[in-house]
Ligand code: CP
Ligand code: NVA
C-alpha cells in the first residue's frame, strides 16, 4: 500500500501543491455559497484527537466533513485510552484500522510525528506547541482573497514567536510574501524555522521593534502572548510583551494594513478591542476560511 501523505507542517506541501489546495479551497467556498453539491468524501471518516481545547479547529473540521458527505468523530484525549496511558503508536495503528484520516491537536510536536510514523492513513496537525499549519493554510487563503494574490504583499508579525507564527513564517516563504517578525528578546522564531524559510526562498526579517515591523505593511498579524499550556508563565510573559500590543498607535505606521489574528484573542493584551472590531480586521474571514481550506486539504489528502 502507498505511504499516506501527512500534513504536519505547511511545507509538507510543495509550492505547487499549496497552490492546488488553495485553488480547491476557493472552489469549495464558491460551491458552498452557490448551494452546489460537493460530497467528495462520502462514506469517509475523520478521527479528531484533542489534548487541548478548541472552537474553530473542532467545528470547522467536523462541519467540513459533514459538508463533504463524510463523518467526523471527536476524540478528547481524556475520553480515549490515550488519557490512561495507551501509547500513541498503538492509538495510531488502531485508528488507522477504522478511519480514513486523523487530525490531532497535541502538546508536543514530536507526538504528532509519532502518530504519523505509525499510521497508515494521513495525519493532519491541528496544532502542536510548535506549529499550526491548518491555520496558515486559512491565513494564506485569506491574504490571497484580500490582496488578489501574493505578489508584492508585505506582512508583519507582532508578538510571540509561537506555533502560529512559526507556521506562518514558513507559509509566507512558500507563498512569496515579504515578512518581518517583531518579537521580544527570548520569544523569537526558532532558528531552524527561519532556516527552513530561507531554504524555501524566503528572507524573513527579525526585529525587536514592532513599529519598524509594521511600517508600510499590508498585513499585521498577532496572536496571544500566553498559549495553551503556558498559563504558569502569565506574569513573566505579560511583562516581556509590553510594547507589543497591536493597537491604534502602532497601526498609524501601517494605515492600509489589514489586521489578522488566529483567535481566540485576549483583548487588552496582544490586541485592543477597537482594532479587532475595526473595518481593517479580517479575523472572522480567517476563521471562516479554516473551513474551506481544511475541506480542500482533506479531499486532496484522500484523493
Ligand atoms: N485558531 C484556532 O485554532 O482556534 P481554536 O483553538 O478555537 O481551534
Ligand atoms: N498560540 C495559540 C493558538 C491558539 C489557536 C495557542 O497555542 O494557544
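No lab work stands behind these numbers, since they all come straight from the coordinates. All values reported here derive from a predicted model rather than from experimental measurement. Don't worry about glycine lacking a Cβ; one is built from the backbone with ideal geometry, like all the others, and counts go over all protein chains shown.
Each Cα pair under 8 Å and six or more residues apart adds its separation to the average, and for region 45-108 the resulting relative contact order is 54 percent. Computed from label points 7 Å out along Cα-Cβ, the spacing between residue 277 and residue 5 is 4.3 nm.
Using the Cβ-Cβ distance between residue 266 and residue 190 with R0 set to 22 Å, the FRET efficiency works out to roughly 0.40. Across region 1-39, the residues whose backbone nitrogen lies under 15 Å from the label position 7 Å along the beta-carbon direction of residue 303 are 5-6, 13-28.
Our note on the geometry: Cα centres of region 124-202 and region 230-303, 13 Å apart.
Sort 221, 28 so the one with the fewest other Cβ atoms within 10 Å of its own Cβ comes first.
Working: 221 28, 28 23.
Fewest to most other Cβ atoms nearby, the residues stand as 28, 221.
Considering only Cα atoms, the convex hull volume of region 2-105 works out to 123 Å³ per residue.
Between residue 207 and residue 235, the FRET efficiency estimated from the beta carbon spacing at R0 = 25 angstrom works out to 0.50. Over every Cα atom in region 118-215, the radius of gyration and the widest Cα-Cα span, Dmax, amount to 13.7, 47 Å. The mean sequence separation of alpha-carbon pairs under 8 Å and at least six residues apart, normalised by the residue count of the chain, gives a relative contact order of 20 percent. Derived from the Cα gyration tensor, the three semi-axes of the equivalent ellipsoid of region 65-169 are 31, 18, 11 Å, largest first. Report the residues of region 62-79 in range of a label on residue 37: point 7 Å along Cα→C-beta, backbone N strictly under 15 Å from it. Of the residues in region 62-79, 67-70 have backbone N under 15 Å from the label point off residue 37. Built from the Cα atoms of the chain, the convex hull projects on average onto 15.2 nm², one quarter of its surface area. The distance from the alpha carbon centre of region 100-114 to that of region 12-42 is 23 Å, rounded to a whole number. Decide, for region 178-297, between rounded, prolate and oblate: order the square roots of the alpha carbon gyration tensor eigenvalues as a ≥ b ≥ c, take rounded if a/c falls under 1.5, and otherwise choose prolate if a/b is larger than b/c, else oblate. Note, shape of region 178-297 comes out rounded. Equivalent ellipsoid of region 73-120: semi-axes from √(5λ) of the C-alpha gyration tensor, largest first, are 14, 13, 11 Å.
Helix 56-67 and the longest principal axis of the C-alpha atoms of the chain enclose an angle of approximately 40°. Shown for region 197-238 is the translational diffusion coefficient from the Stokes-Einstein equation, using the Kirkwood radius over Cα pairs, a temperature of 20 °C and a viscosity of 1.002 mPa s: 163 µm²/s.
Modelled label positions at residue 110 and residue 284, each set 7 Å beyond Cα in the direction of Cβ, lie 4.2 nm from each other. Taking only Cα atoms, what is the 0 to 90° angle, nearest 10, from helix 133-147's long axis to the longest principal axis of the chain? On a 0 to 90 degree scale, this one is about 50.
Shown for region 226-301 is the translational diffusion coefficient from the Stokes-Einstein equation, using the Kirkwood radius over Cα pairs, a temperature of 10 °C and a viscosity of 1.306 mPa s: 111 µm²/s.
Take the Cα of residue 228, step 7 Å toward its Cβ, do the same at residue 12, and the gap between the two points is 1.7 nm.
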